[in-house]
Amino acid sequence: MTPKLPLLMLTMVLSGCSLVPTYQRPEAPVPAAYPEGSAYAAPAQGTVAQLNWETFFHDAGLRRVVHVALANNRDMQKAALNVAAYRARYRISGAALVPEVEVQATGGRARTPADMSASGEQSTAGSNTLQVGIVNYEIDLWGRLRSLNQSALSAYLSTEEAKRGVQISLIADVAAAYLTWRTDQQLLDITSSTLQNYEHNLELVTASSMAGTASDLDVRQARTLVLSARGQAQAYVRRIAQDENALRLLLGAQVPANLPSADLFGQVLSQVPTGLPSDLLQQRPDIRAAEHNLMAANANIGAARAAFFPSITLTGGAGVASTNLGHLFGSGSESWSFVPQIHIPIFNGGRLKASLDYAEIQKEIGVASYEQAVQAAFREVADGLAAMGTWGEQLQSQHELVTTSQEVSHMAQLRYDEGVDSYLVLLDAQRQLLAARQKLASDRLAQLVAQIQLFKALGGGWS
């Protein structure tokens, strides 16, 4: 062995050698700008990360139920425990990089029968040892242990992002469930107030029929409105109960009592700044988690490559030993042991090559998963911009339709009272008014949910 070789090996031991491929983030397979056109809203200026969810939600009741969910939801608890588990795995992996020092003490006595003794006489002997040493410490010449530790770190960071993703989804789901619950309450109020008007009209038409100024057909047509509205009211009662059950499951606790009333046509949510497509890479937890998984797979390649090279394991210790416990710490009782082992892979049936192939394939899978996450995020934001670009005008049209339907219903009532039109005209006008008011409430819910989904798609503001 030349004099330079030991020096080279010592340098590698001290500085370490890594066989991990240089990591490069894949190019994002999406356009540099969001889609444009008549269906899309222009991206608003600002940074989503600066708009946290408490600022985004203006409704006090909504903020209250979200706080309850974050504290009690079981998915959040499982996500937090999963992060703790991967953190522990990372710490276990890191422990392999430092020697494991043990203190071992042994003591005992043994009696040898005469017929088994070399001297032909029975004998009793004892031994006592106390050692401090290193057990099976692998010198990380080729960076195998560091590669595994780097992989464990990336896996841990991926679970952190997954937890953040669970939190984002939970807040968005709670907001949608809460607004659905409030909307169904509003629809029940609309239907109930309309039902009272229908019942009043039925009483008037019945009285007119008895007086001979209205036909039996008018009475039956008025009754159809009453029966239809009663059925719809019961359907909303059922939906409200089911909405509350769904909300309770998301909260992981009872829905808070005495929640403030909600004005769904007021300023429930803030405007969403969308930034640029590249912002998704820094803010979306699923994209960041996919990248951490890719980095873990990249590190595993280094560990698979290092397995092809020799490995050195050290076991040794120093202490004292004596056949007499009283002389254990006396002069001349010192003892030591040093057992280095070198493992050189020669033939393993292709196992190491297959392991390397597997690691490289897993990295390619990680690249595909990362690119897919970026594409899905871009699509979700584009869908959100399309929703924001169209819901405003659609909602305005529905507002005008309600106003016009109210006017038509009022005019139809006057014309029926004056005997100009039949009750069928009034019935149709009242039915259209109820449907228009119900659709207005449903459209407002859809607009709010779309706005929440856009904020979720951007992955910002959920600290």
Seminar exercise, completed: Going through the stretch 322-346 in order, the residues found to be modelled with pLDDT under 85 and not in a strand (DSSP E or B) are Thr323, Asn324, Leu325, Gly326, His327, Leu328, Phe329, Gly330, Ser331, Gly332, Ser333
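Within the bounds of the stretch 399-414, is there any residue that is touching a residue at least 40 places away in the same chain (Cβ under 8 Å) and either closer than 26 Å to Asp189 by Cβ or out of contact with any His (no Cβ under 7 Å at 6 or more places or on another chain) (or both)? Spell out how you get there, then give the answer.
Residues of the stretch 399-414 that are touching a residue at least 40 places away in the same chain (Cβ under 8 Å), as a first pass: 399.
Still in the list and also either closer than 26 Å to Asp189 by Cβ or out of contact with any His (no Cβ under 7 Å at 6 or more places or on another chain) (or both): 399.
For the stretch 399-414, residues touching a residue at least 40 places away in the same chain (Cβ under 8 Å) and either closer than 26 Å to Asp189 by Cβ or out of contact with any His (no Cβ under 7 Å at 6 or more places or on another chain) (or both): present.
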Seminar exercise, completed: Restricted to the stretch 291-321 and to residues being in contact with a Gly (Cβ under 7 Å, 6 or more places away or on another chain) and within 30 Å of Ile168 (Cα to Cα), the residue surrounded by the fewest Cβ atoms within 10 Å (Cβ to Cβ) is Ala297
For this session: For Tyr137, work out the one condition from (1) more than 21 Å from the chain's Cα centre (by Cα); (2) surrounded by 20 or more Cβ atoms within 10 Å (Cβ to Cβ) it doesn't fulfil.
Result: (2)
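Per-residue answers, yes or no, for (1) touching a Gly at 6+ places or on another chain (Cβ under 8 Å); (2) surrounded by fewer than 16 Cβ atoms within 10 Å (Cβ to Cβ); (3) touching a residue at least 40 places away in the same chain (Cβ under 8 Å):
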{"position": "Ala368", "(1), (2), (3)": "no, yes, no"}
{"position": "Glu371", "(1), (2), (3)": "no, no, yes"}
{"position": "Gly384", "(1), (2), (3)": "no, no, yes"}
{"position": "Gln396", "(1), (2), (3)": "no, yes, no"}
{"position": "Asp421", "(1), (2), (3)": "no, no, no"}
{"position": "Ala457", "(1), (2), (3)": "yes, no, yes"}
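Can Ser169 be described as farther than 30 Å from Ser337 by Cβ and buried (at least 19 other Cβ atoms within 10 Å of the Cβ)? Even if it seems obvious, please write down each step before you answer.
Working: farther than 30 Å from Ser337 by Cβ: yes; buried (at least 19 other Cβ atoms within 10 Å of the Cβ): no.
Taking the combined requirement at face value, the residue does not satisfy it.
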For this session: Only residues in the stretch 62-73 that are within 18 Å of Leu445 (Cα to Cα) and free of Cβ contacts under 8 Å to residues at least 12 places away in the same chain count as the first member; pair them with residues that are of a type outside the set (Phe, Trp, Tyr) and assigned to a helix (DSSP H, G or I), Cβ under 9 angstrom, at least 6 apart or cross-chain, and list the lot.
Result: Arg63/Glu54
For this session: Test Gln282 against the criterion of being under 30 Å from Thr183 (Cβ atoms), at pLDDT below 90 and either surrounded by 19 or more Cβ atoms within 10 Å (Cβ to Cβ) or not small (Gly, Ala, Ser) (or both), and give yes or no.
Result: no
Exercise. From Ala354, Ala377, which residue is assigned to a helix (DSSP H, G or I) and buried (at least 17 other Cβ atoms within 10 Å of the Cβ)?
Worked result: Ala377
For this session: Test Val205 against the criterion of being surrounded by fewer than 17 Cβ atoms within 10 Å (Cβ to Cβ) and not small (Gly, Ala, Ser), and give yes or no.
Result: no
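The values are calculated or read from the model by the stated rules, or taken from the named source; none is laboratory data. What you are looking at is a predicted structure, and each value in this text was computed from that prediction instead of being measured. Don't worry about glycine lacking a Cβ; one is built from the backbone with ideal geometry, like all the others, and counts go over all protein chains shown.
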